[in-house]
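The values are calculated or read from the model by the stated rules, or taken from the named source; none is laboratory data. All of these numbers come straight from a predicted model, not from anything done at the bench. Cβ coordinates were reconstructed from backbone atoms using ideal geometry, including for glycine residues, and neighbour counts include every protein chain displayed. Surface accessibility is based on the protein's heavy atoms, side chains included, excluding ligands, DNA and RNA. Shrake-Rupley method; radii C 1.70, N 1.55, O 1.52, S 1.80 Å.
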Amino acid sequence: MQIPTPALTVQSGAGRPRSGMALCLFASCAILAGCASTQGPVAESPIRRHTASTGFDGTDPIRDLLLSRDIQVTRSTHPVSDADASTDPDANPLASAALGYLGIRYRWGGRSPEEGFDCSGLITYAAEQSLGLKLPRSSYELASEGESVSKRDLQVGDLVFFNTLGRRFSHVGIYLGNNEFVHSPRAGSVVRIESMDISYWRKRYNGARRLTASAS
């Protein structure tokens, strides 16, 4: 599935648009999604941006411009009191493990930090490393694991599912609280955190599952 990208206009020294370069940039930004789909617009608050692990090196200005359109999103820092400790992502083994892979590049079929992750690869690897669970490989199969959870009862570490490819449960991430989740979105991107309040994800939300000790 191609990713729609707004046309870019690059101004020449005389102030005239260079449409040829704009078309080139548009074509360069068209990529195929893996288990996920397009990134929705990024909310400016409470999520903050940074440029770590984006691959900028100054040798290719065109590539750097394209990369700048997909800057990694990281979670904001929320003070955690003792009463809120159960909602702290760092206190949940699965969520904490997944957060350790922020910035790892997406790769279709990827299932390790060395080769990269697709959406379900991130989940299965983090679950095995943190909980010792061997989970099914696909997001669709993961949607049958554990127990169903309503959106109003979401807890840190729950698996959240989205319809990004015209079918249910085609994308999966890990809930972090504050309506944020960590996931490996799509080709050309990296493991990152986004808000479920963004319209793209809100419209495609499919449900959630909570892993249990009986998950296999």
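Placing 192, 202 in order of accessible area, with the largest value first and a 1.4 Å probe, yields 202, 192. Classification of the stretch 97-191 by its C-alpha gyration tensor yields a rounded form. The axis ratio a/c (a ≥ b ≥ c) stays under 1.5.
Give me the net charge for the shell around residue 163: Cβ to Cβ below 11 angstrom, other residues only, Lys and Arg +1, Asp and Glu -1. Let's see the in-between values first.
On the way: positive: 167, 168, 203, 204; negative: none.
With Lys, Arg at +1 and Asp, Glu at -1, the net is +4.
Compared with the direct C-alpha span, the chain from residue 90 to residue 168 gains 25.2 nm at full extension, assuming 0.36 nm per residue.
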